[in-house]
Every structure is written in C-alpha cells, then in structure tokens.
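One structure is given here, and the rest of the page talks about it.
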Amino acid sequence: GRVVLRATASRAAKFGCMLFVALFWNGIVIGIAPAMFRDFAKDKSAIFPLLFMTPFLLVGLVLIAMVGYFFLSIFNPRPRLVVSSSSVPLGGVLDVQWQFEGRAERIKKLKIFLEGQEEATYRRGTDTTTDRRTFATLTIAETNQPSEIRGGQGRVAIPSNLMHSWEAASNKIVWKLRVSGEVPRFPDVDEEFPFTVLPHAQPPASPPI
C-alpha cells in the first residue's frame, strides 16, 4: 500500500551533530593556540609551532561555517514523499508523489531520483574506511516550474539488470530516494529517504500435473 517515507536524518539532528563536532574541535584548538601566540610574541623564532597550528585553525573556521550552513538549512522547505509501496522488486515500477511544506517558491530547480549505491567498509591500519560508488541514478522528476515543484507525481521503472538491496559484513547495496532542490543564496535542499529494492519477483509455481 501507499507509504509516507521518512528522511534518513532530520535537519535538526544534522545541525546538532555538526555543532558538537565544531565545539569539540575548536575547544581543543582554543586551549592550545593562545600559548603559541604568546610564545611567538616573546620570541619570533617560535613561528614554526604557530605554522603547524595554522591548518587546525582553518579547519575550525570551516566547521564554524558548516554549523551556520546546517542551521540555515533547517528553515528550507521540507519535502513529503508518498510512494506506492515500501519496496519494489527489480523490473517493477514505483509511483512517487511529493509535496513541499514551507516556502516552496524559493526552490528554483527540483530533481527527484532513485539512487543505488555500493558501500564497501574495510580497515586501513587502525582506521575504518567506507567507500561509496553510485551505480544507478533513475530520474523520477526534474523541473523548474513552480507549480510542479510545490507538488506533483512521477513514476520510475527499476531495470531488472541492476542489483537489489543487500547487506553483508563489509559490503552492502543501498537504495534511496533523493530530493535535490536549488535555492539561490541559501543552502540547497538535499534530503535522502531509504528505500528497499527486492530481488526479481518469482513466478508462481506451476500446479502439479
């Protein structure tokens, strides 16, 4: 039946995570940097520790800028997606309806698409790294018409030669619906909605003769 999808992460949660990272990083930098500046003021030869600290200061500024970005994104129009089914098999068809809550007229171009990604997680030394590769992008809607941006519907057929949703210990195939909206002079709309693509539908077994 028809299902209302939920986004992968709320905008407030993204803002909260970024705020925590920025406070943690800049708290460490602020605790170290003043002593280096004082040493440099007393002895100009102490410039090398200060130069070493410069990249960390720049990262802190970037994190502050990202906090502002995620804070502004909270006020963007919010998409609401309703799909014909919570899962569709390879070779099947998915119907999608969308509706924006808020000032949808701020969005100048909208694209809604179904995306398939392969994720591989492995260890590199003591770090765990995840590589992602997009293997399918299936467009559902792409428009710059205000009436179509605010609300509409589309359909997408999932090719039968692709890979269905799948997960193992270190690898997975992930499908998701993505809503991308261009907003001039403001953070763009970029929302992800998890979706499940099933293996090929099995034909019914023939009755015994």
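The values are calculated or read from the model by the stated rules, or taken from the named source; none is laboratory data. Keep in mind it's a predicted model, so treat the numbers as computed, not measured. Glycine gets a Cβ as well: all are built from the backbone with ideal geometry, and neighbour counts include every protein chain shown. For accessibility, only protein heavy atoms count, side chains too; no ligands or nucleic acids. Shrake-Rupley method; radii C 1.70, N 1.55, O 1.52, S 1.80 Å.
Assorted remarks:
- Nearest-ten-degree value, helix 11-42 long axis tilted from longest Cα axis of the chain: 20 degrees
- Extension gain for the segment residue 12 to residue 134, taken as residue separation times 0.36 nm less the Cα-Cα distance, is 41.3 nm to one decimal.
- Cα shape, the stretch 126-199, gyration tensor, a/c 1.5 rule: oblate
- Added length on full extension, which subtracts the Cα-Cα distance from 0.36 nm per residue, residue 21 to residue 155: 44.3 nm
- Candidate lysines - alpha carbon under 24 Å from residue 176, same-chain residues fewer than 8 apart omitted: 14, 108, 109, 111
- By the helix-only formula, in which each DSSP H run with n ≥ 4 contributes -39500 (n - 2.57) and the sum is divided by residues, the chain has a 222 nm mean residue ellipticity of -10500 deg cm²/dmol.
- Cut-off under 5 Å, modelled amide H: who pairs with residue 186 long-range: none
- Expressed as a whole percent, the accessible surface of the stretch 85-141 that belongs to carbon and sulfur atoms is 43, based on a 1.4 Å probe.
- Reach of residue 172 by Cα under 20 Å, taken over aspartates and glutamates that are not fewer than 8 positions away in the same chain: 115, 118, 119, 127, 131, 192
- Averaging the Cα positions of each part gives two centres, and for the stretch 68-100 and the stretch 153-177 these lie 16 Å apart.
- Rough spin-label spacing in nm, given labels placed 7 Å along Cα→Cβ, for residue 90 and residue 54: 5.3 nm
- Tail beyond 23 Å, pair distance distribution of the chain (Cα, percent): 62 percent
- To the nearest ten degrees, helix 47-73 and the longest principal axis of the Cα atoms of the chain are 40 degrees apart.
- Heavy atoms of the protein chains alone define the surface here; on that basis the stretch 89-163 has 58 Å² accessible area per residue at 1.4 Å probe size.
- Between residue 3 and residue 169, the contour length at 0.36 nm per residue exceeds the alpha carbon distance by 56.9 nm.
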